[in-house]
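Participant: I am attaching a structure below and will ask some questions about it afterwards.
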Amino acid sequence: MKLIKVRVQNYRSIEDSGEFEIGDLTCLVGKNEAGKTALLSAIRGFRPSQDFEFDETIDYPRRFSTKFDDRHHDGTAEVIRTWWRLEKADIEAVEKHFGPGVINTDVFDAHMGFRYDGDKRIWNIGTDSEKALAYLVTKNSLDATERNVLNGIKDGPSADKALSSLSERTPKQESLLQEIKKCRGSRLDLAIIDILAARQPKFFFTSHFERMSGMVAIQKLQQDKENNTVSIGDKIFLDFLEYAGTTLEELLNADRREALKATCEAASNEITEEIFQFWSQNNALEVVIEIDTGKPKDPPPFNTGMVADIRIRNTNHKATLPLSERSAGFVWFFSFLAQFKQLKKTPGNRNAVVLLDEPGLTLHGKAQGDLLRYIVERLLPDHQVIFTTHSPFMVPMDRLADVRIVEDVIVEQKGKRPEIKGTKVRSDVLEVDGDTLFPLQGALGYEVTQSLFIGTNTWLVEGPSDILYLQVLSQALIKRKREGIDKKWTLCPSGGIDKIAPFVRLFGGNGINVVVLSDIANGDKTKIENLKRANILKAGHFYTCADFTDQSESDVEDLFEPELFIKMLNNAYALPKLNAITLKALKEVDSTPRLVKRVEELFKLMPPSISEFDHFGTARWLLENPSILDSDSPSVNATLDRFEKLFKTFNALIR
């Protein structure tokens, strides 16, 4: 079954988070102290895979701690409500015991919180006990006479009572009775819930603070384990041992240290191989496990008994260092993999929902990208993942629909005390403040920058409208089986001639092939000559629109035949007949050869009710109405010929 929605209430800073959807991957973005960790902690408490339970004294919102009874008249406070979607295998598991049609829906909700009876989870799921009972009767082959005692009975407890009241029961009646008694409280609906509960995923939680101990005193760890005082770092070491196929007891009772060392090294080698498929920071590292006896001059408790020492060897520098002295980011990554590998081996946790609190917080930005890739490629095939972050590098830009915004909402009221609404979760980023939105803004900026790095063949144009014109005309040509823009090109707006030189100097060293299509006016000719003399572009990689229009000055709009551009313009601005632009008016308004400059002059004469002219308006209209290029009119054909000549010229420059 899959978790599809969550709502958290009455927990730490959360009065009511509101319902929010959960997908295969869910990224909770928010600034520090917004309540992200509290959200994960509340979700974890629903069905934890590790030792964890709600503590009313600590976890119930402090500002309401004296008002519990006033706020919760039934004596309970809901903390976590979850919604789940049953999969085919879940329904089949129930129908195997109680027959088809005993579950009325494939979506249900379950909740729990403070002062719930025995901390139990309350399920709201549609079941049909009457159908289930009828199936059991048929399954046990009761004949008409044997069924008489069950006439009018529709549930398990009533059937139990009726059958138990018989002084004598046939073998078939006894078999049915025992099957009913196996159900919790003889209730068939609870038996159905118990089957599904056993299949319900648990929640595995880890945070960036949880790192494996680099050195472990085995005897002390054994004592801590017996006293239930094992530290987080040592718990992860125990996970690593279990993943390696050994235990503390085996280490303590080993008569062949070499065999144990080989087992640990085999496990560490596998995790190391896994790390370096995703760790791009340094691939010259190896994990080494050393098991030895403590030395007298070592600090306690490592001066006696057996000591396990996890070290990292740098093959470039031919040296090893304790795991604890490596970067915090690498130690966390290794620790997380050790936990996750063991999770995969543990029955009951194989389909766990993985909760990651600020994962990779100490990692370099590029390494955070590696971690995000690991989550998508390794975790998502078998697990749903919910993680929190305030780092732009951990925002999945290709899955923005999976991002939820976490904000501690405080409404300021003039002359009054602020209204505290607590932590809220939203999917609409437009409703949050700038600080909360910053990780998304940073991620978007980084994504745009990265696209410049990875575009091996980058075609610079002046602005966004140029990109729209080129793309729409390319599609029109390709539709006619003619040459459009080669897919190897990455189109990028430069912002004008003045921005071209800084762009090429900044990114040209990354081995990208840069070409330029620039507008040109009288004042730009000197700038263009300076660019060419500076040799920052390869010879023949700089073109102006004038090279394709036979004009001394040109913008990309001049590649269109004037009749076609006028038609696009009148439609884009919905110009009434009285104010419609004509070819005659366009020619008479100004002597400049540049089409857009003449259009700008005409728009100055328009009444105030007409929108101001901008370069993007007509380009956007063309994007929404590309069918205007489907005709075989002279103006369309001449325009297509001109753009095809441009595309052929630039496609020949692909490296």
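The values are calculated or read from the model by the stated rules, or taken from the named source; none is laboratory data. Bear in mind that the values here come from a model prediction, so they are computed numbers and not experimental data. Every residue, glycine among them, receives a Cβ derived from its backbone with ideal geometry; neighbour counts consider all protein chains shown.
Participant: Return the residues of the stretch 572-592 that are closer than 20 Å to residue 616 by Cα and β-branched (Val, Ile, Thr); say none if nothing qualifies.
Facilitator: 581
Participant: List pairs: first in the stretch 220-237 and under 18 Å from residue 252 (Cβ atoms) and in the same structural domain as residue 339 (by TED's automatic domain parsing), second modelled with pLDDT of 90 or more and assigned to a loop (DSSP other than H, G, I, E, B), Cβ under 6 Å, 6+ apart or cross-chain?
Facilitator: Close Cβ pairs (under 6 Å, with a partner that is modelled with pLDDT of 90 or more and assigned to a loop (DSSP other than H, G, I, E, B)) amount to 220/301; 224/230.
Participant: Quick one: in the stretch 455-471, which of the residues that are surrounded by fewer than 20 Cβ atoms within 10 Å (Cβ to Cβ) and over 23 Å from residue 525 (Cβ atoms) is modelled with the lowest pLDDT? Spell out the reasoning first.
Facilitator: Of all residues in the stretch 455-471, those surrounded by fewer than 20 Cβ atoms within 10 Å (Cβ to Cβ) come to 455-457, 463-464, 467, 471.
In the following step, the residues that additionally are over 23 Å from residue 525 (Cβ atoms) were identified as 455-457, 464, 467, 471.
Details: 455: 65, 456: 78, 457: 85, 464: 83, 467: 89, 471: 92.
That would be 455.
Participant: Got at least one residue in the stretch 41-56 being among the charged types (D, E, K, R) and closer than 30 Å to residue 373 by Cβ? If you could, list the steps in order and put the result at the bottom.
Facilitator: Of all residues in the stretch 41-56, those among the charged types (D, E, K, R) come to 44, 47, 51, 53, 55-56.
With the extra rule that they be closer than 30 Å to residue 373 by Cβ, the set shrinks to 44, 47.
Looking for residues that are among the charged types (D, E, K, R) and closer than 30 Å to residue 373 by Cβ, one finds at least one in the stretch 41-56, hence yes.
Participant: Still on this structure, please answer the following. Considering only residues that are surrounded by 19 or more Cβ atoms within 10 Å (Cβ to Cβ), over 26 Å from the mean Cα position of the chain (by Cα) and farther than 13 Å from residue 195 by Cβ, which ones fall in the stretch 79-125?
Facilitator: 112, 113, 114 - these are the residues of the stretch 79-125 that are surrounded by 19 or more Cβ atoms within 10 Å (Cβ to Cβ), over 26 Å from the mean Cα position of the chain (by Cα) and farther than 13 Å from residue 195 by Cβ.
Participant: Given the criterion closer than 14 Å to residue 275 by Cβ and acidic (Asp, Glu), identify the matching residue among 357, 370, 309. Full working, then the answer.
Facilitator: Numbers: 357 fails: closer than 14 Å to residue 275 by Cβ; 309 fails: closer than 14 Å to residue 275 by Cβ.
Of the residues listed, the single one that is closer than 14 Å to residue 275 by Cβ and acidic (Asp, Glu) is 370.
Participant: Moving on. Every residue in the stretch 475-496 that is touching an Asp or Glu at 6+ places or on another chain (Cβ under 9 Å) and surrounded by 18 or more Cβ atoms within 10 Å (Cβ to Cβ), please.
Facilitator: Across the stretch 475-496, the qualifying residues are 476, 477, 484, 491, 494.
Participant: What do you reckon, is residue 310 over 29 Å from residue 263 (Cβ atoms), part of a strand (DSSP E or B) and modelled with pLDDT of 80 or more?
Facilitator: Numbers: over 29 Å from residue 263 (Cβ atoms): no; part of a strand (DSSP E or B): yes; modelled with pLDDT of 80 or more: yes.
Here the answer is no, as residue 310 does not meet what is asked.
Participant: Let me ask something else. Applying the selection to the stretch 590-640, what residues are over 28 Å from residue 475 (Cα atoms) and under 42 Å from the mean Cα position of the chain (by Cα)?
Facilitator: Matches in the stretch 590-640: 611, 612.
Participant: Could you grab me the full set of residues in the stretch 104-142 that are acidic (Asp, Glu), assigned to a loop (DSSP other than H, G, I, E, B) and at pLDDT 95 or above?
Facilitator: 128
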